[in-house]
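Taken together, the values in this text are just the output of simple stated rules run on the coordinates, not laboratory data. Computed from a predicted model, the values in this text were never measured in an experiment. Cβ sites come from the backbone with ideal geometry, for glycine too, and all protein chains shown count toward neighbours.
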Amino acid sequence: MHNIDLVVREIADEMRLRTDRGEVAHYIPELARVDPNAFGIAVIDADGNIAAAGDSDTPFSIQSVSKVFTLTLALGKAGDWLWQRVGREPSGSAFNSIVQLEYEKGIPRNPFINAGAIAVTDLILSGHQPREALGEILRFIRFLADDQSVTIDEAVAASEQRTGFRNVALANYMKSFGVLENPVDLTLGVYFHQCAIAMSCRQLAMAGRFLAHNGRNPSTDMSVVQPERARRINALMMTCGHYDGSGEFAYRVGLPGKSGVGGGILAIAPGKASIAVGSPGLDAAGNSHLGRVALEALTKRLGWSIFGV
Ligand code: GLN
């Protein structure tokens, strides 16, 4: 861990000096208020050693990183039947794009673009009250992070509920094709709240550990999902986790990763580590700019890209 510790501290120092920080998300007013200079990183290896630096204990809005956890939960409920509702191909378009939905009869390209994630949340909601579904999502994330203190930032949820017109459009469009089962406002209520879950890099890296270790949390030896499912979730993160920036992320970082507009990225080095970075400035595709830069430096220095050194 010594080497990892050193690299993590080096990277945090380097990121502090960078002036290219990207733009914080403005379309959710509450997110526009975050400190653009924040940067945190946490790496947890197979033995549970944690290397962390910067603002690694400051919670931020996980936003679309939540889609990894809701996908895991929904696969547990619906199994492969889930793929009737949502595809597994990269979209090559923005996270909130509507264009493909018309061509593809309301079936979203993948579970990580907004439309796909809304369809996944709708599946979790079926047969439950929104409060129960949200409770299930939050309990699952707390269990994965092994931390009961993870909560929802109600101000962020309310802010998106007031301004999330694109998501309302996506959900109504899917509803018209029969892809959503529940009333649109209930599904979106759960979706906006899952996106508003606040976690620190340390908590997020903890929650991702099962994906780095064949579906198991190596500290508790608890199985979260079968190895095959963990592998497939990683594959989806690699191909679709950064929207239209997924190719660039694979090229530069070489790890499965999932970003969120709060500036977080969860990245998985299979067999080695679960990694979370957070920096709120985004690039043009809506992915954390310094988060990606930091992960690129990390995988390069440690030789962790799955494509080779
Ligand atoms: N809550 C955000 C939205 O629906 C999540 C988007 C993201 O993180 N890319 O727009």
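Structural remarks
- Cα pair distances exceeding 24 angstrom across the chain, given as percent: 46
- Most mobile of Arg21, Arg292, Arg33 in a GNM of the chain (Cα contacts under 10 Å): Arg33
- Between the Cα long axis of helix 165-176 and the first principal axis of the chain there is an angle of about 50°, rounded to the nearest 10.
- Potential lengthening between Glu10 and Arg162 on full extension [0.36 nm per residue; Cα-Cα distance subtracted]: 50.7 nm
- Helix 184-195 vs. the chain, principal-axis angle (Cα, 0 to 90°, nearest 10): 10
- Once the Cα gyration tensor of the stretch 139-277 is diagonalised, semi-axes √(5λ) in Å: 27, 19, 16
- Counting charges near Arg88 (Lys, Arg +1; Asp, Glu -1) among other residues having Cβ under 10 Å from its Cβ returns a value of +1.
- Here the residues Phe143, Phe112, Phe210, ranked from fewest to most Cβ neighbours within 10 Å of their Cβ, fall in the order Phe143, Phe210, Phe112.
- Value of D in µm² per second that Stokes-Einstein yields for the stretch 1-156, Kirkwood Rh from Cα pairs, at 37 °C (0.692 mPa s): 180
- Straight-line cross-link partners of Lys175 among the aspartates and glutamates, defined as a Cα under 15 Å from its Cα and at least 8 positions apart when in the same chain: Glu102, Glu104, Asp122, Asp185.
- Note on the chain: GNM, Cα springs under 10 Å; of Asn49, Asn182, Asn110, the largest mean-square fluctuation is that of Asn49.
- What you get for the chain, charging only the Cβ of Lys and Arg (+1) and of Asp and Glu (-1), is a dipole of about 500 debye around the Cα centre.
- Per-residue Cβ neighbour rank within 10 angstrom, fewest leading, His26, His213: His26, His213
- Relative contact order computed over the stretch 231-309 (Cα-Cα under 8 Å; 6+ residues apart), in percent: 26
- In the stretch 15-110, Cα pairs under 8 Å separated by at least six residues give a relative contact order of 15 percent.
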